[in-house]
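Down below is the structure, laid out as structure tokens.
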Amino acid sequence: MNIKNLLLGIAVGACSVSAHAIDYVPERVSASISLKVPGNEAKRYPLTPQKVGTDGSLVLMNAAESIPVTVSQKVERSGDAVKLNVVITALDDIYFNYSQQVSTGFRHDDCQFYLPGFWYRRNLRSPKEAPSFHTSDSWVVREDRLSTPLTGIYDQTGKRYMTVNRLDAFACDALTTHKEGEVILSGKTSVGFTGFENKEGVAALSFGFPYKEAPKTYIRKLTLAPPVEAYQRLGKGESVLLTWELAESEAADYSDFVRKVWEFCYDTYKPQPVETPYTVERMKETLSQYFISSLVTDKPLVYTSGVHLRTDDCASKPSAEVGFVGRVLLNAFNAWEYGWQQGRDDLKESAQKILDSYLQNGFTPAGFFREFVDFNREDKDPVLSIRRQSEGVYAMLHYLAYEKENGRKHPEWDSRMKQMLDMFLKLQNEDGSFPRKFRDNFSIVDQSGGSTPSATLPLVMGYKYFKDKRYLESAKRTADYLEKELISKADYFSSTLDANCEDKEASLYAATATYYLALITKGEERQRYADLTKKAAYFALSWYYVWDVPFAEGQMLGDIGLKTRGWGNVSVENNHIDVFVFEFASVLQWLAKEYDEPRFSNFAEVISTSMRQLLPYEGHLCGVAKTGYYPEVVQHTNWDYGKNGKGYYNDIFAPGWTVASLWELLTPGRAEQFLAK
């Protein structure tokens with residue numbers, strides 16, 4: 001590639017300087033290129049920017065000594081943004097890693113940080129074994145860890161922020177033989193790195209190509225490893241063009257910052273629905289095979305086996321789980337309703353067996369659900385959770401309302417659910433929160449309030465179904481807690497039960513909880529809940545990918561054509577994507593109408609179409625053994641749950657919740673229909 005022609009082509013689109021453009025001057029910039037000769041340690045060469053021409057838009061990045069590579073930048077300014085077109089040209093065969101930092105001018109100690117779907121504030125909710133300020137105040141990570149290849153730094157004192165995002169085509173990735181230290185890529189990658197660094201007390205945006213991770217790389221759950229730095233070969237005379245965009249603006253607080261950056265990301269990457277042949281009808285027909293294949297009938301509880309399964313055989317296990325990842329009761333209701341709709345007696349019969357067995361054998365002495373039962377191990381004093389209990393009540397209230405609508409009554413179930421909601425009132429704290437975990441005697445195991453919004457849903461539903469105002473008042477108190485401790489502080493944490501950190505589900509549940517309250521209230525009160533829903537929704541949205549990460553040839557997910565846009569990262573601890581959405585798409589559709597914001601409804605359609613891609617059926621099993629057993633731990637970056645790594649699944653998965661989540665995604669508006677009755 002001719003370097004003069006390349007730079008000339010870049011210059012054609014250059015924009016004039018705006019009065020509000022980011023101040024991109026040499027004093028704010030530092031850069032370096034590291035060159036590696038195979039079998040030797042790499043050598044780093046600092047680069048000094050030198051402006052060329054009268055307008056200063058072309059910058060040569062010069063090393064202090066002769067090196068077999070040239071580096072130049074074309075600077076395009078537009079509004080609040082600066083686009084950097086970096087051209088690296090090899091004068092001889094090289095293996096390189098390019099790095100650049102731009103000073104924000106913000107005091108590092110005054111800042112909060114944001115790497116979408118991975119880093120919020122300072123990640124201080126996360127343990128020191130995961131990426132967080134507990135380990136370091138400077139981090140760079142590979143771009144495919146992030147729902148957008150972007151880093152944002154927010155200055156709490158000055159109410160300003162800066163971001164850097166990558167704009168290249170993300171077409172490929174390459175395998176390596178090692179995951180730490182200096183590694184030479186087996187081919188070409190599109191994956192660079194991004195992050196933030198503390199430069200003598202000043203926060204700096206850090207970015208480059210190909211990827212590196214420091215001061216640690218995160219390889220599996222609660223396992224930090226030594227740093228990694230990748231080197232890509234560039235042959236003599238070859239050039240690579242890399243494009244980053246720097247932007248600067250202001251925001252009232254961290255929530256406003258996340259909102260503005262998500263809208264910017266959506267507008268920049270413009271994610272479109274994924275074209276698949278899978279209609280809602282096809283999806284449900286295929287997924288319904290899970291309801292039958294997973295049914296276990298030889299235990300005191302009849303259940304769909306949905307936890308701790310192996311992907312290579314999907315054989316049922318002796319574990320029944322009411323909510324969280326098993327979702328036995330929600331799957332039973334879905335099978336029941338679908339069985340009636342489609343005239344399928346097999347589904348009705350299997351669902352009836354589950355419901356009858358839980359009514360007979362599914363409760364603790366106090367009257368809570370036996371929420372997780374391992375029939376190979378007797379647990380006389382199990383720890384219970386407000387999340388699983390809530391999800392069980394939620395499922396049963398849907399079932400009871402459906403039955404009442406069709407002229408069928410279940411007084412024993414009615415009594416059980418009312419008793420459980422009354423016990424919820426007993427568990428609730430004075431501040432409106434619910435303990436995360438407790439025992440059957442109401443003693444508290446984990447006081448954390450992160451799971452509180454999961455209780456809001458059945459409380460609102462219980463008010464509607466039983467006409468008991470106490471439940472609505474309790475639900476409103478949860479919203480007071482959510483507003484004070486989670487939403488106003490932009491601190492969404494510990495909703496999931498297998499991690500204790502910043503996570504997607506906390507913000508998603510918070511948005512869903514206040515959505516329920518908005519649906520059941522009027523006037524100013526309704527507006528308050530709607531505004532809270534919108535505020536929390538941006539945080540939930542920030543976990544969902546707006547771009548398609550690249551895979552290497554030979555990595556199954558790439559080979560079968562997976563597009564990651566619309567899939568959500570899980571948490572700081574669990575760095576994989578999954579189909580956890582449940583009612584969130586309905587929340588987005590509702591918000592789109594309430595606030596005349598088409599981004600919400602458009603992205604809901606991206607989610608809905610993209611999450612259909614891995615539908616497993618004969619001839620298209622997508623790496624699992626049985627039809628309808630939708631995959632769970634989708635490993636899209638250099639991280640694993642213990643097995644297989646990027647481009648594959650962990651060997652153990654939980655299709656119970658994936659089927660339930662997709663079913664709700666494909667059955668929009670359930671809450672609105674329930675609360676309108």
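The values are calculated or read from the model by the stated rules, or taken from the named source; none is laboratory data. Just so it is clear, the model here is predicted, and its values are computed rather than measured. Cβ sites come from the backbone with ideal geometry, for glycine too, and all protein chains shown count toward neighbours. Ligands, DNA and RNA are stripped out before the accessible areas are found, and what is left, the full protein with its side chains, is counted by its heavy atoms. Shrake-Rupley method; radii C 1.70, N 1.55, O 1.52, S 1.80 Å.
Values computed for the structure shown
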read-out	value
Relative contact order computed over the chain (Cα-Cα under 8 Å; 6+ residues apart), in percent	14
Neighbourhood charge, 15 Å Cβ-Cβ cut-off, centred on Glu281 and excluding it, Lys, Arg +1 and Asp, Glu -1	+2
Length released on extending from Ile652 to Thr276, taking residue separation times 0.36 nm less the Cα-Cα span	132.7 nm
Extension reserve of the Glu180-Arg408 stretch, reckoned as 0.36 nm per residue once the Cα distance is removed	75.9 nm
Electrostatic dipole magnitude of the stretch 556-655 [Cβ: Lys, Arg +1; Asp, Glu -1; Cα centre; debye, to 20]	220
Built amide H within the under 5 Å cut-off of Thr637, gap 5+	Gly647
Overall form of the stretch 76-135 per C-alpha gyration tensor (a/c, 1.5; a/b vs b/c)	oblate
Gyration tensor (Cα) of the chain, equivalent ellipsoid semi-axes in angstrom	48, 27, 22
The stretch 495-553: GluC sites (Glu not before Pro) in DSSP loop, at most 16 other beta carbons within 10 Å	Glu553
Cut-off under 5 Å, modelled amide H: who pairs with Arg160 long-range	Asp155, Ala251
For the chain, accessible area per residue (1.4 Å probe, heavy atoms of protein chains only), Å²	36
3J(HN,Hα) from dihedral phi, the stretch 104-120, Karplus parametrisation 6.51/-1.76/1.60, rounded to Hz, x for glycine, proline	7, x, 8, 4, 4, 5, 8, 9, 10, 10, 8, 10, x, x, 8, 9, 10
Accessible area in the full protein assembly, largest first, 1.4 Å probe, for Lys467, Lys409	Lys409, Lys467
Simple Cβ-charge dipole of the chain, Lys/Arg +1 and Asp/Glu -1, about Cα centre, in debye nearest 20	500
Whole-Hz ³J(HN,Hα) from phi, Karplus 6.51 cos²θ - 1.76 cosθ + 1.60, for the stretch 146-163, glycine and proline x	10, 5, 9, x, 8, 10, x, 10, 10, 8, 5, 6, x, 6, 10, 8, 10, 9
Karplus-derived HN-Hα couplings along the stretch 247-260 (A = 6.51, B = -1.76, C = 1.60, θ = phi - 60°), whole Hz, x at Gly and Pro	9, 9, 7, 10, 8, 5, 7, 5, 5, 5, 4, 4, 4, 5
Amide H contacts of Asp651 (H built 1.01 Å from N, under 5 Å, at least 5 apart or other chain)	Lys643
Accessible area of the chain belonging to carbon and sulfur atoms, whole % at 1.4 Å probe	48
Sparse-neighbourhood loop sites, GluC sites (Glu not before Pro) in the stretch 148-206 - DSSP loop, at most 11 other Cβ within 10 angstrom	Glu200
Percentage relative contact order, the stretch 328-393, counting C-alpha pairs under 8 Å, at least six apart	27
Selected from Ser34, Trp336, Leu167, residue furthest toward positive end of dipole (the chain; charges at beta carbon)	Trp336
Cα gyration tensor shape of the stretch 404-469, rounded if a/c is under 1.5, else prolate or oblate by comparing a/b with b/c	prolate
Over the stretch 369-488, relative contact order from alpha-carbon pairs under 8 Å, at least 6 apart, %	28
Three-way shape label, the stretch 259-302, alpha-carbon gyration tensor, a/c 1.5	oblate
